Every structure is written in C-alpha cells, then in structure tokens.
Amino acid sequence: MNYMPGTASLIEDIDKKHLVLLRDGRTLIGILRSIDQFANLVLHQTVERIHVGKKFGDIPRGIFVVRGENVVLLGEVDLDKECDQILQRVSIEEILEEQRIEQLAKQESERLKLQAVKERGLSIPKADTLDDF
Amino acid sequence: MSEKEKEWVIRLQMIQLQSENPHLDDYYYQEYYKRMEAKLAEEEKRGEWAKRETPKLTTPYVIKSESYTPVVHIEGSLGQVAVSTCFSPRRAINAVRTHSPDEDVKDSRQPRMEVYIEKLFSQLLEVEEAARKKGFVRVEEKGGLMEEMEKKVKQIYSLIRHANLHESSEEFLPCLLVSKGKRLLARLLPFLSHDAALHALTMVTTHLPTLMSKDTDEALPVLYAPLRDVISALSFSQLIGVLKDFTIVVPESSETILTLACQNEFGLSLLYVLLSQGERLLSSNVPMEPNIGDFETWTDTVFQVAQQLSHASLVEPLFLPSNLLTLFCRYLDKRTVHQLKSNMESASGYLAVAS
C-alpha cells in the first residue's frame, strides 16, 4: 500500500536492510526498524563496516539509535548484489590494523605538505580550526 | 513498527502539507503533478500505453486546533510542562502589551502617520492588482471586480483626506507632508474619478507653498506625471479655478504662490502644464462653456505670470511644454515675449519653440 505517493518517506523502508552513512564518516549497515518525523533511525543487528582500499571488515554493534541530523544518506541494500562483491572481507583485527596504517600514512603526507608549504611562506589553516559542518 | 506508529508519523508529515493556498505554499509539488498528469493525458490520447493510474496524494483533512494551551499541568507532577506544536511554538515569555495612556504624544505621532500610510498603501496594491486582473478575467466576474475596486479607491481617498482626525480642516496635508504619502497619492490619482482628482489637484495647489518648503526628500516631482494627466482632462472653467489659486498671496511671506512656484521645479512645471492646457483648449476648436469672467481671469493670470517669469530667476522645470510661447505671443508685445523667451531658455536650456 502506497502511503504517500509522490513524496519521499521512509515508511516503505521499514524492516529492510539499509546502509547508513553518518556525518562523522562511519558506515552502518542494519535493519531499519523505526523512524520518526525527524528521520531519527532505529537500526537492528547493526554492523559497522570499515573500508580500507579493497578490504573491509565488519564490527557487530547491536542496536543503534541514530539522531536524524547526523545522517548523510541512507539506502536499501540489495541482498542479491551484496554477495558478489569485488571487495575482500577480512577479520576485524586485520582491518583495524589496516586502518591504523592508513591513518599514519595520511598524517605523514599531511605533515610533509605542511612543511613544504611553510617553506614557501604560505599557511593553510588546520582542519580542526575549521568548522567541518 | 506498529501500524499505529506508522499512522502517527504519516499523519504528522501530512499536517505539514495542509495549506489554504497550495499553489503558493507548495508550488513545486503542484507544478510537478500538473506536468505529470499532462504527460499522462498526452500518452493516453496517443493511445500508445494503457492508462496508468497514478496514485494521487490525498491529504487527509486534519482540523488544526485553534486553541493553544501553552502550559499543561500533568496530574501529580510538580511544576508545569510547556507544550508546543509545529504551529504554535513554546511561549517562553509572558509578555502582555499594556497601553499606558500617558505616553509621549509627540513621539508616537510621527511613526503613526507613516504606519497609517503603509496601511493605505497595501490597500492601493490590492486595487492595482485588481486592475491588472481585469485584463484577463471572465466577463461575469468583471462587474464584481470593478465594484470592489471602486469601493476600495473611494475608501483610500477618503482616508487620505481625513488622515488627521482631530483637525479636519487640514485635508490631505498631513499625508502629503510624508514623502511616501506623496507617492501614495501619485499612484492613486489614475484611479480617481474626475471630480475627486480635481479636488486633489486643488488641494495640492492651495498647499503648494507648504509642500514646496517642506519637501526635504524632493519627492514632489513624483506627483508631476499623474497631475499632468489630470490637468489635461480639465475643462476651461475648472482650469481657471485652479489657476486662481496661484495668484493668492501667502500670508506668511506676502508673496503670491506664483512667485514661490518659480523657485521650485515642481511648482514651475505645474504652472507650465496649466498654462499649456489653457492654450490647448483655446486654440482647439472645441466649443467651451466658460463662466462669466473666466476669460478675464485667464488673461489677467497670463499677464501676471508673464510679468513674474520675465523678471524672476527661474529654476529648470521638469518639462517645458512647447505651446507656451505661442500663448504668450498671443497676449503680449514682442519685447516682453522676447524677454520671457530668453529667461525661460536660460533656465531650462531647452529652446522654447515659438510659432
């Protein structure tokens, strides 16, 4: 039954598996159980998925209640297509290790960039002084 | 989620779609729907596809409760809970307006007139909107529309006249002293009946010295165009009546309005338009029914004006009608005309065309 044709509503997505992207960069995958007028979400059997390069790892989290304003986007997961992925699933420890290495590499490149820039007499404001919302 | 919960969320979202004027409030959705339906109708006409029933969004009629209980007292609880809905947010301050009778009268007078004029302006905007609608409204509706317009115009006119309720002798003036009031009158004039417009013109000429001296914003020229149109519809006797006002001596300065007008571009332009109209009426072959003494007043005024114009230093008028010199040639000798011509030309930089 189409509740509100021609409009965008989450009513249809209840009890379906969803992928939710949050503003802090986290990716959650869970079954959408409940919504309200602010698009606050209740996710059941949630898993936080971390991606590094072509590898990913899932951390089971249980039930998530997400405040609507923190959601960037969400979409229904196609259960058939979920199986045949190019991405390689690894264990949690491995993916966390990969993430740590990636973070270090990023920090290093940032540091070098900042140094090069300082040598040339310019200055780039640091990310934490900017308002990232 | 239970059905009840789903219903609740849907109902809440539907409330936001309620509106008296969907075409204004929800423009994009309405447009989208109109186009979709047009497209489907097109397809159906071509008979290519079977008609697909588009589900229509039916907004349930939810009665908006007019009453609003700002504070709800729950049984057995301490204190009060502030209740807010999306139409009436939480009342944070208990601010009640008390009217103190001994307010400073002078302070409240100035903004009051401007607020008054603003209200009249919004009525005028409705009249102008109705005038625009007249072009493409159905014949049956036209009569009702015209009546509405006339009623509003009359109301605005009488309200401008008696703006100052205490001193009813000062018609128009309080309103006209405010520059927006001048603009209001300028936009109202095209809608007024001939008699009402004539009355307005007479008022402007009698109060001309005050208006000219107090015109700090230089808003008077805005009245020029509509008054010029009014003057071009005047009969000879009406014109004479208005011109007579120019020869009145202003008590404070012991000069005639005429002299003062020459120093003000609006006053001077108004004078020129009046003379030009007289000249046009006289030189055309339309039979006039002048009152007794009209011609005398006319010639007297023309002489007086000529005298004034040739000796006084003139300011540049807003517009110099081309038939003025023709008029002067008719009544005056060549020398005076020549003097007049050079004086007028030096003021305006235009060449006053002679016959």
Quick calc: nm separation of the 7 Å Cα→Cβ label points for residue B:45 and residue A:67 -> 5.3
Once the in-chain neighbours fewer than 8 apart are removed, the lysines whose Cα is under 20 Å from residue B:142 read B:133, B:134, B:151, B:152, B:154
Treating only Lys and Arg (+1) and Asp and Glu (-1) as charged, each at its beta carbon, one finds that segment B:112-192 has a dipole about its Cα centre, in Debye to the nearest 20, of 240
In segment A:40-133, the trypsin sites (Lys or Arg not before Pro) that sit in a DSSP loop and have at most 10 other Cβ atoms within 10 Å of their own Cβ are A:54, A:120, A:126
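Order the peptides B:125-133, B:337-345 from the highest to the lowest mean number of other Cβ atoms within 10 Å of their residues.
Packing order, densest peptide first, comes out as B:337-345, B:125-133.
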Given Cβ charges of +1 for Lys and Arg and -1 for Asp and Glu, the option among A:34, A:103, A:56 whose Cα lies farthest towards the positive end of the dipole of segment A:7-120 is A:103
FRET efficiency for residue B:25 and residue A:8 from the Cβ-Cβ distance with R0 = 22 Å, rounded to 0.05, comes out at 0.80
The ³J(HN,Hα) series, computed from each phi in segment B:186-191 with the Karplus coefficients 6.51, -1.76 and 1.60 at θ = phi - 60°, rounded to the nearest Hz and given as x for glycine or proline, is 4, 7, 7, 3, x, 8
Across B:6-16, the residue-averaged tally of Cβ atoms belonging to other chains within 10 Å stands at 4
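With a Förster radius of 56 Å, plug the Cβ-Cβ distance of residue A:77 and residue B:214 into 1/(1 + (r/R0)^6) and report the FRET value to the nearest 0.05.
That pair, residue A:77 with residue B:214, gives E of 0.15.
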Once the in-chain neighbours fewer than 8 apart are removed, the lysines whose Cα is under 16 Å from residue B:214 read B:180, B:182
1/(1 + (r/R0)^6) with r = Cβ-Cβ of residue B:233 and residue B:339, R0 = 35 Å, i.e. FRET efficiency to nearest 0.05, evaluates to 0.60
When chain A is treated as a Gaussian network with springs between alpha carbons less than 10 Å apart, the largest mean-square fluctuation among A:13, A:80, A:36 is found at A:80
Put B:191, B:295 in order of accessible area, largest first, probe 1.4 Å, and you get B:295, B:191
Sorted by chain and number, the residues with a modelled amide H under 5 Å from that of residue A:18, at a separation of 5 or more or across chains, are A:30, A:31, A:32, A:77
As straight-line cross-link partners of residue A:118, the qualifying lysines (C-alpha separation under 19 Å, not fewer than 8 residues apart within one chain) are A:106, A:126
From most to least accessible, 1.4 Å probe, no ligand or DNA/RNA atoms counted, A:64, A:56, A:38, B:319 line up as A:38, B:319, A:64, A:56
With the full set of protein chains present, the residues of segment A:37-75 whose 1.4 Å probe accessible area falls by 50 Å² or more relative to the chain alone are A:37
When B and A pair up, the total accessible heavy-atom area removed from solvent (1.4 Å probe), in Å² to nearest 100, is 1300
Restricting to Cα pairs under 8 Å and 6 or more apart, the percent relative contact order of chain A works out to 19
Expected max-MSF residue from A:72, A:20, A:42 in the GNM of chain A (alpha carbon, under 10 Å) is A:72
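The values are calculated or read from the model by the stated rules, or taken from the named source; none is laboratory data. What you see is a predicted model; the values in this text were computed from it and never measured. Heads up, the Cβs are rebuilt from the backbone with ideal geometry, glycines too, and the neighbour counts pull from every protein chain shown. Keep in mind that these areas ignore ligands, DNA and RNA; they rest on the heavy atoms of the full protein, side chains included. Shrake-Rupley method; radii C 1.70, N 1.55, O 1.52, S 1.80 Å.
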